[in-house]
Each structure stands twice: as structure tokens, then as C-alpha cells.
């Protein structure tokens, strides 16, 4: 899968151990809205998806995590690679380097929504399934970036790519 961008904060010591976390994220667009998780605690928008567990494929994690976080069921035949984002920074919890590799996929979902099955940290963050305009999600996340909260960098970057692609297609159509 093509690497779209590397966010390297260079705020770490290269001699420290590196923790690598791989995640799969869903890009779902329905009726000109994008499916996101909205955190009522942090007031940010995130793409559904999460950690790829040991022995699990990227696609397996994508389907599982999206179902758990949103209650939506991905249509496996609709899944297409979009790109990878890599984030490297000092780990917030250990003396080490945190490297997050996020594999983004576009996909469609079946009709109907089941209950969310959130982790305790996701419940604490107040994750809610929303269908939101891309511009609204970008604006909210950029407010967080503006005050120094960098954890929306990757989502905002992907949202801007999607917006630019949509504008390009609208001009052609």
C-alpha cells in the first residue's frame, strides 16, 4: 500500500526502544457525508478502525474494529486500498519511540446498524457514530491542531485528501 505521508515529530532519542502499532481504518462515504467517530470528551472526529491484533490481517482488523466501534458491517467486496500514514513520536506512556502505521481503506457498508461494542477507553472518550460533512470534520479537528493537540493530524490529513478528490470530481462532472 502506498505511503501517503510520514508525520515524524523527531521529539525522541533514537537509542530508545521502538513500539510499533499497526491499525486499519475505514473510509466510508454515504450521501455526501463521511462516517466518523465523534469524541464528545475531546471534541474531535476519528475514522473508525483500530489495532491489528496478532495473527489478524489488515482487512480482518478493519472489518472487526469498524463493527465494534460503529455497529456497521463492511461489505468485504467493496474494500479498496487508499493509503498508509505513519506517525513517529516520543511515546506518551513509556520511555520509548511510538510508531503508528495506519492503513486506510475505502469501503461500503450494509444497511442497518447494530450496537457499538466499545472498549473502556473508547467509552470514556464518548465515541459516537456520526455522518458528518467533510468540511465540518476538518474544521473541528483543525481547532484541536491549532491549540497544539496533534492527535488529529492524520485524520485531518486524510479528510483534506478526500475533500480535494471530491472537489476535483465535482469540477469534472
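Quick notes on this structure:
- Candidate set: region 78-112, residues that are out of contact with any strand residue (DSSP E or B) (no Cβ under 7 Å at 6 or more places or on another chain) and closer than 16 Å to residue 34 by Cβ; chosen: the one surrounded by the most Cβ atoms within 10 Å (Cβ to Cβ): 108
- Just one of the listed residues (81, 95) is more than 12 Å from the chain's Cα centre (by Cα) and more than 20 Å from residue 162 (Cα to Cα), namely 95.
- Restricted to region 1-56, and to residues there that are over 16 Å from the mean Cα position of the chain (by Cα) and part of a strand (DSSP E or B), the residue that is modelled with the lowest pLDDT is 30.
- Of all residues in region 98-118, those satisfying the criterion of being over 16 Å from the mean Cα position of the chain (by Cα) and over 14 Å from residue 74 (Cβ atoms) are 98, 115, 116, 117.
- Test for residue 145: is it modelled with pLDDT of 95 or more and surrounded by 13 or more Cβ atoms within 10 Å (Cβ to Cβ): no
- Among strands (runs of 3 or more DSSP E) entirely within region 77-173, having at least 1 residues that are free of Cβ contacts under 8 Å to residues at least 60 places away in the same chain and within 17 Å of residue 26 (Cβ to Cβ) singles out 80-90.
The values are calculated or read from the model by the stated rules, or taken from the named source; none is laboratory data. None of these values were measured; they are calculated from a predicted model. Note that we place each Cβ from the backbone using ideal geometry, even for glycine, and neighbour counts take in every protein chain shown.
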